[in-house]
Amino acid sequence: MCDRPLASFLTALSMALGVAAVIVVLVIHRVAVEQFKQDAQGYHFIVGGTGGRTQLVLSTVYHLDKPLYPISYQYYRKFIDGEYEPYTKAVVPYCLGDAFVSGDRKFRVIGTTPDLFDKLIYRDGKGYKFAEGRNFERDKFFEAVVGSAVARQGNLKLGDTFNPTHGLGGEGDKHREFKVVGILEPTQTANDRALFVNMEGFYLLEGHSLTAKPDAEATAATTTPEPGAPTVGYDNDGNEVKPLPEAQREVTSLLVLANDPMSAFALSTTINKSGDGNQAVAPTEVVTGLLENIVGPVQVVLLVLTTLIVLVAAIGILVSIYNSMADRAHDIAVMRALGASRASVQTIVLLEAVLLAVLGGLAGMVLGHLMVGIASPFVESRTGVALDMLAFTPLEFMVIPSLVVLAILAGILPAITAYRTDVAKALSGTR
């Protein structure tokens, strides 16, 4: 191996590149799966209107897809002071439809209530914390809280203002400004790349209100205020602002935290059987199905392709060592003449193959994690998935043992050639 440095280096490099590709696929898949599963924590189910379950989860939890048809505000009232209230511990409404544009990046703007950060957790029992500032207040209609990625990539600081753009595409008219009063600590969830504004102010933006309907139900809802809802609010200059009447409101979806799992099951079953067009969806079930039916098969395909790269590198080891056997015949003969057994010579050739594979494999593992670290900022800015270059998967510990077996198989043919070397012919220089 030392007498063929260039050939050995190129052979080990091809193995390193193949192993690096395997590592990148394994690490990205594990991190992506964990984040997708952990993002859907802190509540039992989501309530949304007519449409697909997957679309509801993607638009509400991951801020990726178009929202479904909205649900009425009167239906939302059922969860806070109506027939569903005894089953719930917290209900957080989402209102979608706007975006914040900063350069070539677009972030979702979500109208909600302070309960999102006060009453819900985001993963593993952790509650939301603020790196700077505080939660917005219910009677301060034009206050906002922004995720850590938005603050960093959108150049927003505490006290700054921003103007949401009408429409998720970021191509509509700009609304009146909201003031940033809080910046969240990183949560490693999709909420890092979203802006959360006071729902009361969201309703007052142009194009967000419904035409008033003077029917009995709307009148009753308007004359019975929502518990805790402000009857008057203030803009960022301290001027009084009246909230939008409830008859002109609607919400996109609801995050529902039930009292316990049994209450969650009973309530979601009741909602899905009501036949009113609304649906309750457990996000973890949808995410699991998405990962098993789409992400899993894609990972298998990528692993097959990267494994083929490693196999090609192993064949390279075989060809490299086998082609060198003719040049080594004299050296092998000298070793035999000095007392080395055929088995010893064969073992040396196999060890060379193993050494090339292991060195290439170790270099590939380091290179793979470095590639993950280099790609992390780009992936996080585009998808919200934060990659950790030091994240390891259990399957990685199988890489080196697998390479040893593969190298032994690749080295068998050259080893047999060395085993059969004719000492007399090699020493005499004849072939």
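Since every read-out is calculated from the coordinates, none of them should be taken as a lab result. From a predicted model like this one, the values you see are computed outputs, not experimental measurements. Reconstructed Cβ throughout: ideal geometry from the backbone, glycine too, with neighbour counts over all protein chains shown.
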Pairwise centroid distance, computed over Cα atoms, of segment 11-42 with segment 88-156, Å: 30
Distance violations [Cα-Cα > 18 Å] among K78/K273; K66/K89; K157/K179: K66/K89
Full-stretch length increase - Y234, T269 - with 0.36 nm per residue and alpha-carbon distance subtracted: 8.6 nm
Cα gyration tensor of segment 45-281 - equivalent ellipsoid semi-axes, whole Å, descending: 27, 21, 17
Efficiency of FRET between V379 and L10 - r from beta-carbon atoms, R0 41 angstrom, step 0.05: 0.85
Average projection area in nm² (convex hull over Cα atoms of segment 1-101, one quarter of hull surface): 11.3
Most to least packed among 254-267, 228-241 [average Cβ atoms within 10 Å]: 254-267, 228-241
Stretch gain in nm, segment L370-K157, where the contour uses 0.36 nm per residue and the Cα spacing is subtracted: 73.6 nm
Amide H within-cut-off set for V241, under 5 Å, with H built and near neighbours excluded: G233, Y234, D235
Full-stretch length increase - F397, L355 - with 0.36 nm per residue and alpha-carbon distance subtracted: 13.4 nm
Calculated FRET efficiency for the pair M262/S209, C-beta based, R₀ 45 Å, to 0.05: 0.75
Relative exposure of K106, K157, judged by other C-beta atoms within 10 Å (fewest first): K157, K106
